[in-house]
Amino acid sequence: MELLKHPNPTVLRLIEYFAMLIKGTTEKRTYDSYADILETATPFEVNSALDAVLSKAEDVTSLTTATARFIRSLGKALESYPLPAYPQGSLLAELEKENEAIGAMTRKLQEEGRKLQKGMGTDVSVLKGHVSSFTLVREHYVRLQNELFPLFEQSTAEHACVKLMWSIQDTALAYQKAVASFTTDDIAAFWRVYSQFYFNVEVLRYREHYILFPVAFRSLAPNEQARENPALRGVFSTITGSLDQQELEQIFSVLPLDIAFIDRDDRVKFYSDPPHRIFPRSPQVIGRLVQNCHPPKSVGTVQAILDSFKEGREDTAEFYLHMQGKFVHIQYYAVRSMDGSYLGTLEVTQDATHLRNLSGEKRLL
């Protein structure tokens with residue numbers, strides 16, 4: 001890989017070491033030659049090095065293993081750095097509390113797993129039940145993706161690490177699902193899947209605690225809580241009628257659709273927030289690049305849709321999937337001015353389960 005430059009000499013040496021790990025070098029003498037900075041680097045310098053490398057990668061997931069080795073090499077430095085005290089009630093305090101609760105649960109899973117392995121038992125139903133009911137993992141990741149990640153991106157240019165974290169979150173949740181639904185008698189296969197779930201959750205927990213949260217606290221402080229723009233209290237008026245602010249908001253709240261508008265610069269400009277929303281959103285998403293609102297594995301599809309709309313090759317795109325017992329229908333529409341210029345993209349998402357199951361006719365109440 002091309003050797004990157006950085007004004008901070010410590011970060012520059014971290015980048016050099018990271019580059020060697022990407023090439024596959026893991027010898028002890030390599031570590032020893034960089035030990036002075038590997039054992040003293042701050043979370044901020046580590047994040048800078050991560051960003052310098054990950055931001056240049058075409059596919060951050062290809063650097064998952066090298067990144068894990070890199071962060072493991074920095075354990076002594078990260079674990080000895082004094083962590084900040086997050087203000088009570090703040091977003092970071094809440095996320096750190098959730099992270100601690102996840103740690104308590106993974107320790108319980110580890111203990112239960114060891115007991116089962118020592119007894120050489122094959123009944124893993126209790127362990128499967130624990131993993132299946134571990135709902136805090138998904139809830140925590142959703143909060144990170146929709147609350148902290150957008151704020152972090154807005155507050156610092158060095159935010160490439162969240163792309164890789166999002167990918168690992170998806171991996172952890174996929175393994176959680178695999179553990180919960182495991183049905184074969186192949187106990188060795190079960191332990192492989194289970195260990196991957198445990199490993200990925202612990203990787204994320206460590207990185208949040210020792211890197212992401214301290215770095216985010218410095219970049220966001222003192223306003224690390226959500227920043228909402230006050231709603232404009234004007235009137236929507238056209239030749240077909242007009243609506244005041246309250247009427248407009250309530251119309252969006254009762255429509256059986258989730259709507260989002262992405263402007264011509266690929267930034268989220270508006271989303272509706274009905275109580276039946278399918279995919280979670282938070283006010284922090286406003287102004288965020290839409291590419292950053294999706295996990296890495298989906299970014300290519302999102303970009304392809306936007307490019308086809310901007311180039312005038314397509315005007316719509318349609319997807320549908322089964323999710324949590326629902327049949328979800330998603331449509332994208334190119335929004336154009338009267339002269340055909342691209343203004344943005346409208347995303348419309350709907351739980352179409354009920355519609356799909358209709359048959360015959362209903363003409364009366």
**Complete:** Scalar couplings 3J(HN,Hα) for the stretch 167-174 by Karplus 6.51 cos²θ - 1.76 cosθ + 1.60 (θ = phi - 60°), nearest whole Hz, x for Gly and Pro, are 4, 5, 4, 4, 5, 4, 5, 5
**Request:** Over 26 Å between C-alpha atoms is what I'm after, so list which of LYS23/LYS297; LYS97/LYS118; LYS97/LYS128; LYS28/LYS76; LYS115/LYS177 land there.
**Result:** LYS97/LYS118
**Item:** Accessible area in square angstrom per residue, the chain, 1.4 angstrom probe
**Value:** 56
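Share of the chain's accessible area from carbon and sulfur, percent, 1.4 Å?
Here carbon and sulfur together make up 53 percent of the probe-accessible area.
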**Asked** Counting pairs of Cα atoms in the stretch 265-365, how many percent are more than 18 Å apart?
**Response** 58
**Item:** nm² value of the averaged projected area, convex hull over the Cα atoms of the chain
**Value:** 25.7
**Centre separation in Å (Cα based) which lies between the stretch 1-64 and the stretch 264-312** = 31
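For the ranges 182-194, 23-35, what's the packing order if you count other beta-carbon atoms within 10 Å of each residue, average per peptide, and put the highest first?
Result, highest mean first: 182-194, 23-35.
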**Size of charge dipole - the stretch 236-365 - debye, nearest 20, with Cβ of Lys, Arg +1 and Asp, Glu -1, no other charges** = 380
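The values are calculated or read from the model by the stated rules, or taken from the named source; none is laboratory data. From a predicted model like this one, the values you see are computed outputs, not experimental measurements. Reconstructed Cβ throughout: ideal geometry from the backbone, glycine too, with neighbour counts over all protein chains shown. In case anyone asks, the SASA skips ligands and DNA or RNA and just uses the protein heavy atoms, side chains included. Shrake-Rupley method; radii C 1.70, N 1.55, O 1.52, S 1.80 Å.
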